[in-house]
Amino acid sequence: MYKAHILAVDDEPLICQVISEYLERIGYFCQPVIDATNALLELKRHPYDLIIIDIIMPGRDGIWLLNQVKTHFPEIAIIMLTAIHETQIAIDCLKMGAYDYLIKPIDFDKLALSIERALKKRHLELKVKEYQAHLEEMVTERTAQLKEAHEQLKQSQIEIIHRLAMAAEFKDIGTGAHIKRMSEYSAAIAKRFGMPPHRVELILYASPMHDIGKIGIPDYILLKEGKLTPEEWEIMKQHTTIGASILSGSKFELLRLAEVIALTHHERYDGKGYPRGLKGEDIPIEGRIVALADAFDALTSKRPYKPALPIEKTIDIIKEERGRQFDPHIVDVFLDMIEEILSIKEKYKDEYFT
Ligand SMILES: [Fe+2]
Ligand SMILES: [Fe+2]
(Lines give C-alpha, C1' and ligand atoms only; values in the text may rest on other atoms or scores of the structure.)
(Ligands and ions follow the chains in the order given, each with its own letter.)
Protein backbone atom coordinates (compact mmCIF):
# COMPACT_ATOMS: atom_id res chain seq x y z
CA MET A 1 0.00 0.00 0.00
CA TYR A 2 1.24 3.47 -0.88
CA LYS A 3 2.45 5.56 2.07
CA ALA A 4 1.75 9.25 1.59
CA HIS A 5 4.84 11.43 2.04
CA ILE A 6 4.43 14.29 4.49
CA LEU A 7 6.84 17.10 5.27
CA ALA A 8 6.40 18.61 8.77
CA VAL A 9 7.89 22.09 9.20
CA ASP A 10 8.20 23.49 12.73
CA ASP A 11 11.03 25.40 14.39
CA GLU A 12 10.53 23.44 17.61
CA PRO A 13 12.52 20.21 17.15
CA LEU A 14 10.46 18.52 19.81
CA ILE A 15 7.14 19.31 18.10
CA CYS A 16 8.65 18.20 14.82
CA GLN A 17 9.65 14.91 16.35
CA VAL A 18 6.30 14.30 18.04
CA ILE A 19 4.37 14.98 14.83
CA SER A 20 6.73 12.84 12.84
CA GLU A 21 6.50 9.87 15.20
CA TYR A 22 2.74 10.11 15.38
CA LEU A 23 2.34 10.23 11.61
CA GLU A 24 4.74 7.30 11.09
CA ARG A 25 2.69 5.35 13.59
CA ILE A 26 -0.57 5.91 11.74
CA GLY A 27 0.94 4.84 8.45
CA TYR A 28 2.55 7.83 6.77
CA PHE A 29 6.10 8.55 5.81
CA CYS A 30 7.05 11.79 7.58
CA GLN A 31 10.13 13.98 7.26
CA PRO A 32 10.60 16.71 9.91
CA VAL A 33 12.29 20.02 8.95
CA ILE A 34 12.96 22.97 11.26
CA ASP A 35 12.74 25.97 8.94
CA ALA A 36 11.19 27.24 5.72
CA THR A 37 14.39 27.38 3.67
CA ASN A 38 15.25 23.77 4.40
CA ALA A 39 11.66 22.79 3.75
CA LEU A 40 11.91 24.20 0.22
CA LEU A 41 15.21 22.40 -0.37
CA GLU A 42 13.64 19.15 0.80
CA LEU A 43 10.67 19.67 -1.55
CA LYS A 44 13.07 20.10 -4.44
CA ARG A 45 14.84 16.87 -3.50
CA HIS A 46 11.86 14.55 -2.99
CA PRO A 47 8.24 14.41 -4.06
CA TYR A 48 5.78 15.06 -1.21
CA ASP A 49 2.02 14.72 -1.06
CA LEU A 50 1.38 17.02 1.88
CA ILE A 51 3.15 19.63 3.98
CA ILE A 52 2.35 20.74 7.54
CA ILE A 53 3.54 24.30 8.17
CA ASP A 54 4.05 26.22 11.40
CA ILE A 55 3.71 30.00 10.99
CA ILE A 56 6.06 31.66 13.43
CA MET A 57 9.59 30.50 12.65
CA PRO A 58 12.94 32.27 12.68
CA GLY A 59 13.98 33.42 9.19
CA ARG A 60 11.29 32.93 6.58
CA ASP A 61 7.89 32.37 8.19
CA GLY A 62 5.17 29.90 7.39
CA ILE A 63 3.10 32.35 5.29
CA TRP A 64 6.10 32.87 3.02
CA LEU A 65 6.55 29.09 2.77
CA LEU A 66 2.85 28.64 2.01
CA ASN A 67 3.21 31.02 -0.94
CA GLN A 68 6.35 29.32 -2.17
CA VAL A 69 4.74 25.90 -2.04
CA LYS A 70 1.63 27.16 -3.83
CA THR A 71 3.75 28.74 -6.57
CA HIS A 72 6.39 26.07 -7.13
CA PHE A 73 4.67 22.88 -5.94
CA PRO A 74 0.96 23.54 -6.54
CA GLU A 75 0.05 19.87 -6.30
CA ILE A 76 1.12 19.48 -2.67
CA ALA A 77 -1.66 19.69 -0.07
CA ILE A 78 -0.98 22.22 2.70
CA ILE A 79 -2.09 22.23 6.33
CA MET A 80 -1.18 25.15 8.61
CA LEU A 81 -0.46 24.15 12.23
CA THR A 82 0.17 27.16 14.47
CA ALA A 83 -0.21 28.81 17.83
CA ILE A 84 -1.64 31.96 16.18
CA HIS A 85 -5.25 32.04 17.12
CA GLU A 86 -6.39 34.76 14.73
CA THR A 87 -9.36 34.32 12.49
CA GLN A 88 -8.10 36.78 9.86
CA ILE A 89 -4.77 35.00 9.47
CA ALA A 90 -6.58 31.67 9.24
CA ILE A 91 -8.86 33.05 6.52
CA ASP A 92 -5.86 34.50 4.65
CA CYS A 93 -4.08 31.16 4.72
CA LEU A 94 -7.13 29.33 3.41
CA LYS A 95 -7.50 31.95 0.69
CA MET A 96 -3.86 31.44 -0.28
CA GLY A 97 -4.59 27.77 -0.81
CA ALA A 98 -4.06 26.00 2.51
CA TYR A 99 -6.43 23.10 2.97
CA ASP A 100 -6.83 23.54 6.71
CA TYR A 101 -5.73 25.76 9.62
CA LEU A 102 -5.20 23.94 12.92
CA ILE A 103 -4.45 25.55 16.26
CA LYS A 104 -1.85 24.34 18.74
CA PRO A 105 -1.72 22.58 21.14
CA ILE A 106 -1.91 19.72 18.69
CA ASP A 107 -5.07 17.67 18.69
CA PHE A 108 -3.75 14.54 17.00
CA ASP A 109 -7.12 13.10 16.08
CA LYS A 110 -8.02 16.35 14.39
CA LEU A 111 -4.66 16.44 12.62
CA ALA A 112 -5.08 12.87 11.35
CA LEU A 113 -8.58 13.61 10.07
CA SER A 114 -7.44 16.80 8.39
CA ILE A 115 -4.53 15.01 6.69
CA GLU A 116 -6.79 12.24 5.50
CA ARG A 117 -9.27 14.70 3.97
CA ALA A 118 -6.58 16.88 2.43
CA LEU A 119 -4.98 13.88 0.78
CA LYS A 120 -8.34 12.69 -0.51
CA LYS A 121 -9.09 16.11 -1.97
CA ARG A 122 -5.63 16.30 -3.51
CA HIS A 123 -6.06 12.86 -5.03
CA LEU A 124 -9.36 13.91 -6.61
CA GLU A 125 -7.88 17.14 -7.92
CA LEU A 126 -5.00 15.27 -9.52
CA LYS A 127 -7.43 12.81 -11.10
CA VAL A 128 -9.48 15.68 -12.55
CA LYS A 129 -6.32 17.31 -13.88
CA GLU A 130 -5.19 14.06 -15.44
CA TYR A 131 -8.60 13.57 -17.01
CA GLN A 132 -8.61 17.12 -18.37
CA ALA A 133 -5.17 16.64 -19.87
CA HIS A 134 -6.35 13.41 -21.45
CA LEU A 135 -9.44 15.14 -22.83
CA GLU A 136 -7.38 17.96 -24.25
CA GLU A 137 -5.07 15.47 -25.88
CA MET A 138 -8.04 13.65 -27.38
CA VAL A 139 -9.57 16.90 -28.66
CA THR A 140 -6.26 17.92 -30.27
CA GLU A 141 -5.92 14.52 -31.88
CA ARG A 142 -9.50 14.47 -33.18
CA THR A 143 -9.21 18.04 -34.45
CA ALA A 144 -6.13 17.08 -36.44
CA GLN A 145 -7.93 14.05 -37.87
CA LEU A 146 -10.93 16.17 -38.79
CA LYS A 147 -8.72 18.76 -40.43
CA GLU A 148 -6.99 16.07 -42.44
CA ALA A 149 -10.33 14.58 -43.54
CA HIS A 150 -11.59 18.03 -44.45
CA GLU A 151 -8.46 18.75 -46.49
CA GLN A 152 -8.77 15.41 -48.29
CA LEU A 153 -12.39 16.13 -49.09
CA LYS A 154 -11.51 19.57 -50.40
CA GLN A 155 -8.68 18.20 -52.55
CA SER A 156 -10.93 15.50 -53.97
CA GLN A 157 -13.59 18.09 -54.79
CA ILE A 158 -11.02 20.24 -56.55
CA GLU A 159 -9.81 17.26 -58.51
CA ILE A 160 -13.35 16.34 -59.54
CA ILE A 161 -13.94 19.92 -60.68
CA HIS A 162 -10.80 19.83 -62.81
CA ARG A 163 -11.62 16.48 -64.31
CA LEU A 164 -15.18 17.57 -65.08
CA ALA A 165 -13.94 20.78 -66.65
CA MET A 166 -11.42 18.77 -68.65
CA ALA A 167 -14.21 16.53 -69.92
CA ALA A 168 -15.88 19.63 -71.37
CA GLU A 169 -12.65 20.91 -72.93
CA PHE A 170 -11.35 17.60 -74.12
CA LYS A 171 -13.20 17.35 -77.42
CA ASP A 172 -12.23 20.68 -78.88
CA ILE A 173 -9.01 21.61 -77.07
CA GLY A 174 -7.62 18.22 -76.23
CA THR A 175 -5.77 18.80 -72.93
CA GLY A 176 -6.40 20.23 -69.50
CA ALA A 177 -3.66 22.81 -69.94
CA HIS A 178 -6.02 25.61 -70.96
CA ILE A 179 -8.19 25.37 -67.83
CA LYS A 180 -5.16 25.06 -65.58
CA ARG A 181 -3.53 28.18 -67.05
CA MET A 182 -6.64 30.33 -67.35
CA SER A 183 -7.67 29.54 -63.76
CA GLU A 184 -4.18 30.41 -62.51
CA TYR A 185 -4.22 33.65 -64.54
CA SER A 186 -7.70 34.48 -63.19
CA ALA A 187 -6.67 33.95 -59.57
CA ALA A 188 -3.44 35.93 -60.03
CA ILE A 189 -5.34 38.86 -61.56
CA ALA A 190 -7.97 38.74 -58.80
CA LYS A 191 -5.20 38.80 -56.19
CA ARG A 192 -3.50 41.78 -57.83
CA PHE A 193 -6.86 43.43 -58.04
CA GLY A 194 -6.94 43.31 -54.24
CA MET A 195 -9.63 40.70 -53.78
CA PRO A 196 -9.55 38.86 -50.40
CA PRO A 197 -7.73 35.49 -50.33
CA HIS A 198 -10.91 33.48 -49.88
CA ARG A 199 -12.41 35.05 -53.01
CA VAL A 200 -9.19 34.53 -54.95
CA GLU A 201 -9.26 30.86 -54.02
CA LEU A 202 -12.89 30.57 -55.11
CA ILE A 203 -12.02 32.09 -58.48
CA LEU A 204 -9.13 29.66 -58.85
CA TYR A 205 -11.45 26.69 -58.37
CA ALA A 206 -14.58 28.03 -60.06
CA SER A 207 -13.04 29.38 -63.27
CA PRO A 208 -12.07 25.96 -64.73
CA MET A 209 -15.80 25.33 -65.15
CA HIS A 210 -16.36 28.36 -67.39
CA ASP A 211 -16.88 26.27 -70.56
CA ILE A 212 -18.61 23.31 -68.95
CA GLY A 213 -21.65 24.09 -71.11
CA LYS A 214 -19.75 22.90 -74.18
CA ILE A 215 -20.90 19.44 -73.13
CA GLY A 216 -24.30 20.47 -74.54
CA ILE A 217 -22.99 21.73 -77.92
CA PRO A 218 -23.24 19.24 -80.81
CA ASP A 219 -19.92 17.95 -82.10
CA TYR A 220 -20.52 19.13 -85.67
CA ILE A 221 -20.50 22.69 -84.37
CA LEU A 222 -17.92 22.33 -81.59
CA LEU A 223 -15.43 20.54 -83.82
CA LYS A 224 -16.19 22.33 -87.10
CA GLU A 225 -12.96 23.41 -88.77
CA GLY A 226 -14.36 26.17 -90.99
CA LYS A 227 -16.28 29.27 -90.03
CA LEU A 228 -19.56 28.76 -88.19
CA THR A 229 -22.79 29.82 -89.93
CA PRO A 230 -24.83 32.45 -88.04
CA GLU A 231 -27.22 29.71 -86.88
CA GLU A 232 -24.36 27.52 -85.69
CA TRP A 233 -22.81 30.50 -83.92
CA GLU A 234 -26.06 31.10 -82.05
CA ILE A 235 -25.97 27.50 -80.84
CA MET A 236 -22.28 27.82 -79.92
CA LYS A 237 -23.06 30.86 -77.77
CA GLN A 238 -25.44 28.75 -75.75
CA HIS A 239 -22.50 27.06 -74.00
CA THR A 240 -22.72 29.97 -71.53
CA THR A 241 -26.36 29.46 -70.56
CA ILE A 242 -26.08 25.66 -70.71
CA GLY A 243 -23.07 25.84 -68.39
CA ALA A 244 -24.91 28.16 -66.02
CA SER A 245 -27.91 25.85 -65.87
CA ILE A 246 -25.71 22.82 -65.22
CA LEU A 247 -24.21 24.70 -62.27
CA SER A 248 -27.34 26.51 -61.11
CA GLY A 249 -29.14 26.21 -57.80
CA SER A 250 -26.20 25.04 -55.73
CA LYS A 251 -26.00 25.97 -52.08
CA PHE A 252 -22.20 26.05 -52.30
CA GLU A 253 -20.44 29.36 -52.82
CA LEU A 254 -17.94 27.76 -55.19
CA LEU A 255 -20.57 26.40 -57.56
CA ARG A 256 -22.61 29.59 -57.37
CA LEU A 257 -19.54 31.53 -58.48
CA ALA A 258 -18.84 28.94 -61.18
CA GLU A 259 -22.39 29.54 -62.45
CA VAL A 260 -21.78 33.29 -62.62
CA ILE A 261 -18.50 32.78 -64.46
CA ALA A 262 -19.97 30.29 -66.94
CA LEU A 263 -22.75 32.73 -67.71
CA THR A 264 -20.68 35.91 -68.02
CA HIS A 265 -17.24 34.99 -69.36
CA HIS A 266 -18.21 36.04 -72.91
CA GLU A 267 -19.81 39.34 -71.95
CA ARG A 268 -17.92 42.37 -73.24
CA TYR A 269 -17.21 45.60 -71.42
CA ASP A 270 -18.80 47.57 -74.25
CA GLY A 271 -22.01 45.59 -74.01
CA LYS A 272 -21.57 43.70 -77.29
CA GLY A 273 -20.93 40.31 -75.71
CA TYR A 274 -23.22 37.38 -75.06
CA PRO A 275 -25.51 35.88 -73.84
CA ARG A 276 -27.10 38.95 -72.22
CA GLY A 277 -25.14 41.89 -73.63
CA LEU A 278 -24.30 43.18 -70.15
CA LYS A 279 -22.20 46.31 -70.07
CA GLY A 280 -19.32 47.62 -67.91
CA GLU A 281 -19.66 46.96 -64.21
CA ASP A 282 -23.02 45.23 -64.71
CA ILE A 283 -20.85 42.26 -65.64
CA PRO A 284 -19.74 40.60 -62.38
CA ILE A 285 -16.06 41.27 -61.69
CA GLU A 286 -15.23 37.56 -61.79
CA GLY A 287 -16.75 37.33 -65.29
CA ARG A 288 -14.66 40.31 -66.42
CA ILE A 289 -11.46 38.79 -64.99
CA VAL A 290 -12.07 35.36 -66.49
CA ALA A 291 -12.94 36.92 -69.88
CA LEU A 292 -9.45 38.37 -70.11
CA ALA A 293 -7.65 35.33 -68.68
CA ASP A 294 -9.56 33.01 -71.02
CA ALA A 295 -8.95 35.15 -74.10
CA PHE A 296 -5.27 35.61 -73.32
CA ASP A 297 -4.77 31.87 -73.08
CA ALA A 298 -6.84 31.15 -76.18
CA LEU A 299 -4.82 33.69 -78.19
CA THR A 300 -1.41 32.51 -77.01
CA SER A 301 -2.17 28.78 -77.36
CA LYS A 302 -2.06 26.55 -80.36
CA ARG A 303 -5.45 25.07 -81.19
CA PRO A 304 -6.30 22.46 -83.84
CA TYR A 305 -7.68 25.25 -86.06
CA LYS A 306 -5.06 27.98 -85.40
CA PRO A 307 -1.45 28.61 -84.42
CA ALA A 308 -0.43 30.34 -81.17
CA LEU A 309 -0.09 34.13 -81.42
CA PRO A 310 3.17 35.68 -80.22
CA ILE A 311 2.95 37.45 -76.83
CA GLU A 312 3.64 40.93 -78.30
CA LYS A 313 0.83 40.53 -80.81
CA THR A 314 -1.51 39.28 -78.07
CA ILE A 315 -0.66 42.24 -75.86
CA ASP A 316 -1.39 44.59 -78.78
CA ILE A 317 -4.81 43.00 -79.22
CA ILE A 318 -5.55 43.26 -75.49
CA LYS A 319 -4.55 46.93 -75.52
CA GLU A 320 -6.81 47.55 -78.52
CA GLU A 321 -9.65 45.84 -76.70
CA ARG A 322 -9.10 47.88 -73.51
CA GLY A 323 -12.52 49.35 -72.72
CA ARG A 324 -14.10 47.39 -75.60
CA GLN A 325 -13.97 43.66 -75.00
CA PHE A 326 -12.16 44.01 -71.69
CA ASP A 327 -12.53 46.03 -68.51
CA PRO A 328 -9.89 48.81 -68.77
CA HIS A 329 -8.89 48.52 -65.09
CA ILE A 330 -8.39 44.79 -65.38
CA VAL A 331 -6.33 45.29 -68.55
CA ASP A 332 -4.12 47.78 -66.68
CA VAL A 333 -3.61 45.37 -63.78
CA PHE A 334 -2.95 42.55 -66.22
CA LEU A 335 -0.34 44.46 -68.24
CA ASP A 336 1.28 45.55 -65.02
CA MET A 337 1.75 41.95 -63.94
CA ILE A 338 2.59 40.48 -67.35
CA GLU A 339 5.84 38.94 -65.99
CA GLU A 340 3.87 36.92 -63.48
CA ILE A 341 1.36 35.89 -66.17
CA LEU A 342 4.17 34.71 -68.44
CA SER A 343 5.73 32.68 -65.65
CA ILE A 344 2.38 30.91 -65.11
CA LYS A 345 2.25 30.27 -68.87
CA GLU A 346 5.74 28.80 -68.72
CA LYS A 347 4.93 26.67 -65.70
CA TYR A 348 1.88 25.04 -67.30
CA LYS A 349 3.02 24.46 -70.84
CA ASP A 350 0.91 22.16 -73.02
CA GLU A 351 3.53 19.40 -72.85
CA TYR A 352 3.11 19.34 -69.09
CA PHE A 353 -0.35 17.84 -69.54
CA THR A 354 0.17 15.44 -72.42
FE1 LIG B 1 -16.44 30.03 -73.37
FE1 LIG C 1 -11.92 28.79 -72.18
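The values are calculated or read from the model by the stated rules, or taken from the named source; none is laboratory data. Just so we're clear, the structure is a prediction, and the values are computed from it rather than from any experiment. We place every Cβ from the backbone using ideal geometry, glycine too, and count neighbours over all the protein chains shown. For accessibility, only protein heavy atoms count, side chains too; no ligands or nucleic acids. Shrake-Rupley method; radii C 1.70, N 1.55, O 1.52, S 1.80 Å.
Before I look further, what does the stretch 5-132 give for accessible area per residue, probe 1.4 Å, in whole square angstrom?
55
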Those chymotrypsin sites (Phe, Trp or Tyr not before Pro) in the stretch 277-330 that DSSP places in a loop and that have at most 16 other beta carbons within 10 Å:
TYR305
Suppose every Lys and Arg Cβ carries +1 and every Asp and Glu Cβ carries -1, with no other charges. What dipole size does the chain come out with about its Cα centre, to the nearest 20 debye?
1040
Kindly provide the GluC sites (Glu not before Pro) of the stretch 212-246 that DSSP labels as loop, not H, G, I, E or B, and whose Cβ sees at most 14 other Cβ atoms within 10 Å.
GLU225
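Using a 1.4 angstrom probe with every protein chain in place, what is the largest-first accessible-area order of MET236, MET1? Before the final figure, lay out the partial values.
Values: MET236 30, MET1 230 Å².
Final ranking, largest accessible area leading: MET1, MET236.
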Mind giving me the FRET efficiency for GLU340 and LYS302? R0 is 22 Å, r the Cβ-Cβ distance, nearest 0.05 is fine.
0.50
Per 5 Å bin, what percent of the C-alpha pairs of the stretch 301-341 does each bin hold, from zero upward?
6, 22, 24, 24, 15, 8, 1
Give me the Kirkwood hydrodynamic radius of the stretch 236-323 in Å, from all C-alpha pairs, to one decimal place?
13.9
What are the lysines whose alpha-carbon lies under 17 Å from the alpha-carbon of LYS95, with same-chain residues fewer than 8 places away excluded?
LYS70, LYS121
Over all alpha-carbon pairs in the stretch 171-353, figure out the percentage whose distance exceeds 28 Å.
18
Given the -39500 (n - 2.57) contribution per DSSP H run of 4+ residues, what per-residue ellipticity at 222 nm results for the chain, rounded to the nearest 500 deg cm²/dmol?
-19000 deg cm²/dmol
Gain in span if fully extended, HIS329 to LYS121, counting 0.36 nm per residue against the direct Cα distance
67.8 nm
What does the charge add up to near ASP332, with Lys and Arg as +1, Asp and Glu as -1, over the other residues with Cβ less than 11 Å from its Cβ?
+1
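Leaving out ligands and nucleic acids, and using a 1.4 Å probe, what accessible area per residue does the stretch 171-353 come to in Å²?
On the way: 8860 Å² over 183 residues.
Solvent-accessible surface per residue comes out at 48 Å².
Return the FRET efficiency for the residue pair GLU141, GLU75: r is the Cβ-Cβ distance, R0 is 30 Å, and the value is rounded to the nearest 0.05.
Details: r = 25 Å, r/R0 = 0.84.
For GLU141 and GLU75, the calculated efficiency is 0.75.
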With 31 Å as the limit, write out which pairs from LYS104/LYS129; LYS214/LYS272; LYS3/LYS110 have Cα-Cα distances beyond it, or answer none.
LYS104/LYS129
Looking at the chain, I'd like the Rg to Rh ratio, where Rg is from alpha-carbon atoms and Rh is Kirkwood's inverse mean 1/r.
1.48
Carbon and sulfur %, accessible surface of the chain computed with the full protein complex present, 1.4 Å:
57
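Structure shown: which of LYS191/LYS224; LYS251/LYS279; LYS171/LYS345 lie over 25 Å apart, alpha-carbon to alpha-carbon? Each step should come with its number before you reach the end.
Numbers: LYS191/LYS224 37 Å; LYS251/LYS279 27 Å; LYS171/LYS345 22 Å.
Correct reply: LYS191/LYS224; LYS251/LYS279.
Rounded to the nearest 0.05, what FRET efficiency do ASN38 and ASP92 give with R0 = 30 Å and r taken as the Cβ-Cβ distance? Could you check?
E(calc), rounded to 0.05, equals 0.80.
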With Cα springs under 10 Å, the Gaussian network model of the chain assigns the largest mean-square fluctuation among HIS178, HIS123, HIS46 to HIS46
Please report the orientation-averaged projected area of the stretch 1-84, defined via the convex hull of its C-alpha atoms, in nm².
5.1
The stretch 244-283: trypsin sites (Lys or Arg not before Pro) in DSSP coil with no more than 13 other Cβ atoms inside 10 Å:
LYS251, LYS272
